[in-house]
Amino acid sequence: MTNHNITAYEIPFQSYFLGRPLRYGGEDYYQIRLIKKDSVDILLSLVHNRFRIKKGKIGKLKGNIHHYSYRSIGQVYRKFTDYAFKTAQIKAEISERSSLKKIFLYPLHMFWSRFIKDKGYKDGLFRIPLDLGFAYMEWLTYCLLAISNVKTQISNLNRKS
């Protein structure tokens, strides 16, 4: 790292679905991957850890990391099911409440955002199962959170009696 003010570098990710590149629909992003020792805090999460820069600036690199995160439809849905369970747990731990709006409208919004608003359709119709997968993950997250919310309410009622 030649610039002494730069303590971390973001690298562009090129994601692939079923071996085909994705360029739209939220798949055009950078992630911090090269870090100067002791310059970041690692924010741990059940799903994806993040970095918070403590000092210095973030530089940007040009070469892509080729990210084959979506290798098959089955693998995608297994991953998204796992993420939904973990995300529901995170939301329950911070006392977030589920609702019918979150269960039914958030998944529709997720699909619309990725495929229409963020122009995922420009990648081609082959990505519809991926964007439906993101909607499924959103739906399952809030269904699981609703179950957790009910369990918490029952537990609270049992403690009061």
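The values are calculated or read from the model by the stated rules, or taken from the named source; none is laboratory data. The structure presented is a predicted model; accordingly, all values stated were derived computationally and were not measured. Cβ: placed from backbone, ideal geometry, glycine included. Neighbour counts: every protein chain shown.
Numbers at a glance
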| quantity | calculated |
| --- | --- |
| From 135, 92, residue being surrounded by 13 or more Cβ atoms within 10 Å (Cβ to Cβ), touching a Ser or Thr at 6+ places or on another chain (Cβ under 6 Å), small (Gly, Ala, Ser) and assigned to a helix (DSSP H, G or I) | 92 |
| Unmet criterion (only one of (1) within 23 Å of residue 112 (Cα to Cα); (2) out of contact with any Pro (no Cβ under 6 Å at 6 or more places or on another chain); (3) assigned to a strand (DSSP E or B)) for residue 33 | (1) |
| Residue 155 being of a type in the set (Gly, Ala, Ser) and loosely packed, with under 13 Cβ neighbours inside 10 Å | yes |
| Filtered residue count, the range 24-47, keeping only those that are exposed (fewer than 13 other Cβ atoms within 10 Å of the Cβ) and either in contact with a strand residue (DSSP E or B) (Cβ under 8 Å, 6 or more places away or on another chain) or closer than 22 Å to residue 64 by Cα (or both) | 4 |
| One residue from 104, 80 being at negative phi, aromatic (Phe, Trp, Tyr), surrounded by 13 or more Cβ atoms within 10 Å (Cβ to Cβ) and at pLDDT 95 or above | 80 |
| Subset of the range 89-134 [in contact (Cβ under 8 Å) with a residue 12 or more places away in the chain and among the β-branched types (Val, Ile, Thr)] | 90, 103, 128 |
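Matching residues to (1) buried (at least 16 other Cβ atoms within 10 Å of the Cβ); (2) at pLDDT below 95:
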{"residue": "69", "(1), (2)": "no, yes"}
{"residue": "72", "(1), (2)": "no, no"}
{"residue": "75", "(1), (2)": "no, no"}
{"residue": "114", "(1), (2)": "yes, no"}
{"residue": "124", "(1), (2)": "no, no"}
{"residue": "130", "(1), (2)": "yes, no"}
{"residue": "140", "(1), (2)": "yes, no"}
{"residue": "144", "(1), (2)": "yes, no"}
